[in-house]
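Down below is the structure, laid out as structure tokens.
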Amino acid sequence: MSLVKLDRVSMAYGRGAAAARVIEDVSLEIASGEFIAVVGPSGCGKSSLMKLISGLHPPLAGTLTLEGRPVTGPIKSVGMAFQHSNLLPWRNALDNVLLPLEIVEPFRRDFKKDRKKHARRAKELLEHVGLAGFTQKFPWELSGGMQQRASICRALIHEPEILMLDEPFAALDAFTREELWCTLRDIQAERKVTVMLVTHDLREAVFLADTVYVMSDRPGRILRRCEVNIARPRDLDVTYTQAFQDLVHELRTLIGIKH
């Protein structure tokens with residue numbers, strides 16, 4: 001059974017005649033442990049699709065299910081990270097990572113009692129992404145790449161079923177961005193977490209994903225489902241191969257066509 005399934009889903013902001021339709025008749029499935037990427041022109045509804053799947057916005061039409069059950073509200077088993085890390089400036093890296101456990105049930109009710117256990121897990125996550133010596137540092141003491149690493153740890157601390165990433169590396173320089181591709185690649189491979197990545201970076205999509213969905217101009221529709229048939233594990237050298245570059249070119253061509 002698919003973890004997530006959308007069947008002819010549409011979405012709009014507003015109501016009645018003034019409603020602005022942003023997604024139209026979208027069908028897709030995400031298997032457990034799959035890494036998908038969604039690409040398309042600016043304003044095509046990529047981030048809105050993420051809101052739909054996370055239960056933050058209801059569909060206008062069609063059906064949306066998680067593990068076969070209709071999604072009727074915000075999903076607790078989702079971890080999210082965005083273009084800006086949004087770390088709380090008055091909390092150090094460790095306490096920022098622990099934040100979801102103070103908010104999300106069932107962790108919230110026993111957080112104080114289990115804090116030491118959770119702190120150990122948070123430290124392990126931070127160490128895994130290269131922040132072993134920075135757990136007590138505040139966001140303003142961390143580089144942009146370090147902040148994004150901490151943000152991804154925060155999204156994973158409650159062991160979500162699906163990790164949703166909305167342009168998580170867009171604000172970083174090219175070298176740091178590629179470094180974090182490898183960090184995310186390793187986390188996903190080790191933890192087998194299901195990932196949905198929204199990105200404008202076609203190289204990023206092809207390097208990381210099993211499947212890339214291409215969306216049209218608004219209202220967003222799925223133009224193409226592209227499987228990335230490049231063997232894993234992938235290292236950065238694969239980005240220079242002909243197969244990789246051909247797929248990036250195909251995606252760029254699809255996005256450039258007016259529909």
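Relative to the dominant Cα principal axis of the chain, helix 111-128 is inclined by about 70°. In a DSSP loop and with at most 13 other Cβ atoms within 10 Å, the trypsin sites (Lys or Arg not before Pro) in segment 171-203 are 192. Once Rh is set to the Kirkwood radius over Cα pairs, what Stokes-Einstein translational diffusion coefficient, in µm²/s, holds for segment 82-166 at a temperature of 25 °C and a viscosity of 0.890 mPa s? Once the numbers are plugged in, D ends up at 192 µm²/s. Calculation over all alpha carbon pairs of segment 66-123 in 5 angstrom steps from 0 returns a P(r) of 4, 15, 22, 21, 17, 11, 8, 2, 0 percent.
Within the shell of other residues whose beta carbon sits under 15 angstrom from the beta carbon of residue 116, the net charge comes to +2, with Lys and Arg scored +1 and Asp and Glu -1.
For segment 4-133, the equivalent ellipsoid derived from the alpha-carbon gyration tensor has semi-axes of 33, 17, 15 Å in decreasing order. A P(r) calculated from all alpha carbon pairs of segment 127-259, with 10 Å bins opening at zero, reads 10, 39, 34, 13, 3, 0 percent. Restriction of the GluC sites (Glu not before Pro) in segment 1-110 to DSSP coil positions whose beta-carbon has at most 14 other beta-carbons within 10 angstrom yields 67.
DSSP finds beta bridges in the chain, and of those with both partners inside it, around 50 percent are antiparallel. Could you pull out which residues in segment 1-20 have an amide N less than 18 Å from a spot 7 Å beyond the Cα of residue 63, following the Cα-Cβ vector? Once the point is set 7 Å along Cα→Cβ of residue 63, 1-11 turn out to lie under 18 Å by backbone N, inside segment 1-20. Build a GNM of the chain with springs between Cα atoms under 10 Å apart, and of 79, 45, 16 the one that fluctuates most is 16.
Dipole size of segment 210-259 about its Cα centre, with +1 on Lys/Arg Cβ and -1 on Asp/Glu Cβ: approximately 340 debye, rounded to the nearest 20. Extension gain, residue 241 to residue 136: 0.36 nm times the residue separation minus the Cα-Cα distance gives 33.7 nm.
Test of understanding: ordering 112, 5, 46 by Cβ neighbours within 10 Å, fewest first, what list do you get?
Values: 112 8, 5 20, 46 25.
Fewest to most other Cβ atoms nearby, the residues stand as 112, 5, 46.
Here the simple spin-label model places points 7 Å from the Cα toward Cβ, and for residue 120 and residue 231 these points are separated by 3.9 nm.
Listed by Cβ neighbour count within 10 Å, with the fewest neighbours leading, 206, 104, 71 appear as 104, 71, 206. Sorted largest first, the spans of the alpha carbon positions of the chain along the three principal axes are 52, 46, 34 Å.
Cross-link check: pairs 51/116; 76/192; 76/117 evaluated at a Cα-Cα cut-off of 24 Å; pairs beyond the cut-off: 51/116.
In a fully extended conformation the segment linking residue 174 and residue 42 would gain 45.5 nm over its present Cα-Cα distance, using 0.36 nm per residue. Taking 218, 149, 109 in turn, the Gaussian network model of the chain (Cα-Cα springs below 10 Å) assigns the largest fluctuation to 109.
Every number here is computed from the coordinates shown, using simple stated rules; none is lab data. This is a predicted model, so every value here is computed, not measured. Cβ atoms come from the backbone with ideal geometry, glycine included; neighbour counts cover every protein chain shown.
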